[in-house]
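Colleague: Following this message is one structure expressed as structure tokens.
The values are calculated or read from the model by the stated rules, or taken from the named source; none is laboratory data. Here the structure is a predicted model, which is why all the values come from computation and not from measurement. We place every Cβ from the backbone using ideal geometry, glycine too, and count neighbours over all the protein chains shown.
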Amino acid sequence: MSLLELKNVSYTYSSGTPFEITAIEDINLTIEKGSFVGIIGHTGSGKSTLIQHFNALLKPTTGQVLLNGKDINQSKQSAHEARFKVGLCFQYPEYQLFETTVYRDIAFGPTNMGLSEDEIKERVREAAELVGLTDELLKKSPFELSGGEKRRAAIAGIIAMRPEVLVLDEPTAGLDPSGRKKILGMISEFRKSTNSTVIIVSHSMEDVASLAEKIIVMNKGRIYKYADVHEIFTKSEELAALGLEVPPVTSIFLKLKEKGLDVNTDIYTKEQAEKELLRYLKREGIAW
């Protein structure tokens with residue numbers, strides 16, 4: 001079932017001036033309800049401009065953006081409603097924390113939705129539990145938190161609005177391995193527990209491959225390809241031509257396959273690589 005649809009969407013910055021530049025052009029895209037979609041592309045390919053159209057932060061120069069079949073740019077009211085239904089979390093969202101306590105920061109979105117105090121409290125607690133923030137942390141100033149905790153608090157503020165679509169722009173950027181693992185686990189758990197549609201933009205091919213079901217490849221403001229993970233990452237030469245790479249472990253297994261080893265090449269994470277190597281070694285009679 002189609003949830004989010006873009007029809008012939010183009011967007012031009014500084015239109016009618018000497019600085020005019022078309023960031024995305026003739027985008028046609030359908031994202032199904034409950035799907036997990038990754039977006040990849042080199043810097044300047046149009047990724048950030050694209051996702052800002054999903055909740056009417058940007059209005060297309062031409063074309064339509066439909067949410068549940070309705071044009072989100074039809075009126076100011078429809079655009080306002082879209083920003084609650086499609087939660088967009090920008091890169092380094094912790095820089096947008098500003099309230100006196102973590103609780104109040106997470107409650108900011110639900111409060112602006114006009115919800116009752118009881119409903120706001122329930123949503124804050126629910127979101128905090130989902131991202132792993134304790135009651136003690138909720139009482140603290142957001143500026144007392146660690147980098148990873150701040151990131152989780154910022155994302156919790158989006159989750160507390162219970163969006164139909166959660167869009168995350170580089171959610172693990174700048175985090176250490178431990179913080180990165182927690183964020184990825186949190187995103188996965190959110191999707192499992194809510195069955196919401198999740199869209200993630202990332203330069204990390206491993207992150208995208210381990211989470212997403214389908215991937216949008218952006219190039220020069222257009223969708224170069226939109227397909228499942230396997231189809232995208234088996235085209236390593238095509239990706240290289242776009243300035244992108246398959247996950248490192250995928251590259252290794254593709255090379256092993258080229259050398260004649262009978263290994264599975266649908267390998268995108270270290271955990272998958274370990275299992276596949278053990279399977280291969282055991283089959284060949286050289287596992288201990």
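Colleague: If I ask for residues that are hydroxyl-bearing (Ser, Thr, Tyr) and crowded, with 18+ Cβ neighbours inside 10 Å, which ones from the stretch 257-276 would you list? Give the steps one after another, and end with the answer.
Modeller: As a first pass, look at the stretch 257-276 and keep what is hydroxyl-bearing (Ser, Thr, Tyr): 265, 268-269.
If the condition is that a residue be hydroxyl-bearing (Ser, Thr, Tyr) and crowded, with 18+ Cβ neighbours inside 10 Å, then Thr265, Tyr268 are the ones that fit.
Colleague: Quick check: is even one residue across the stretch 173-184 in contact with a Phe, Trp or Tyr (Cβ under 7 Å, 6 or more places away or on another chain), part of a helix (DSSP H, G or I), assigned by TED's automatic domain parsing to the domain that holds Thr111 and within 21 Å of Asn55 (Cβ to Cβ)?
Modeller: There is no residue in the stretch 173-184 that is in contact with a Phe, Trp or Tyr (Cβ under 7 Å, 6 or more places away or on another chain), part of a helix (DSSP H, G or I), assigned by TED's automatic domain parsing to the domain that holds Thr111 and within 21 Å of Asn55 (Cβ to Cβ).
Colleague: If you scan the stretch 121-145, which residues turn out to be surrounded by 13 or more Cβ atoms within 10 Å (Cβ to Cβ), assigned to a helix (DSSP H, G or I) and touching a residue at least 40 places away in the same chain (Cβ under 8 Å)?
Modeller: Selection gives Leu130, Val131, Pro142.
Colleague: Of the conditions (1) surrounded by fewer than 18 Cβ atoms within 10 Å (Cβ to Cβ); (2) at pLDDT 90 or above, Ile223 satisfies every one except a single condition; which number is it?
Modeller: Evaluating Ile223 over (1) surrounded by fewer than 18 Cβ atoms within 10 Å (Cβ to Cβ); (2) at pLDDT 90 or above leaves (1) as the failure.
Colleague: OK, next. Which one is surrounded by the fewest Cβ atoms within 10 Å (Cβ to Cβ) among residues in the stretch 148-196 that are out of contact with any Gly (no Cβ under 6 Å at 6 or more places or on another chain) and among the β-branched types (Val, Ile, Thr)?
Modeller: Thr194
Colleague: Name every residue in the stretch 93-127 that is under 19 Å from the mean Cα position of the chain (by Cα) and not hydroxyl-bearing (Ser, Thr, Tyr), in order of residue number. Step through it out loud before you land on a result.
Modeller: Residues of the stretch 93-127 under 19 Å from the mean Cα position of the chain (by Cα): 93-96, 127.
Residues satisfying the conditions are Pro93, Glu94, Gln96, Ala127.
Colleague: To continue, here is another question. Need the failing condition index for Arg222 against (1) under 24 Å from Ala273 (Cα atoms); (2) out of contact with any Lys or Arg (no Cβ under 7 Å at 6 or more places or on another chain), just the number.
Modeller: Checking Arg222 against (1) under 24 Å from Ala273 (Cα atoms); (2) out of contact with any Lys or Arg (no Cβ under 7 Å at 6 or more places or on another chain), the one that fails is (1).
Colleague: Taking only pairs six or more apart or across chains, which ones have beta-carbon atoms under 8 Å, a first residue in the stretch 63-85 that is within 24 Å of Ala156 (Cα to Cα) and without any contact (Cβ under 8 Å) to a residue 60 or more places away in the chain, and a second residue that is assigned to a helix (DSSP H, G or I) and of a type in the set (Lys, Arg)?
Modeller: none
Colleague: Among the residues of the stretch 188-228, count how many are more than 20 Å from Gln52 (Cβ to Cβ) and among the β-branched types (Val, Ile, Thr).
Modeller: 1
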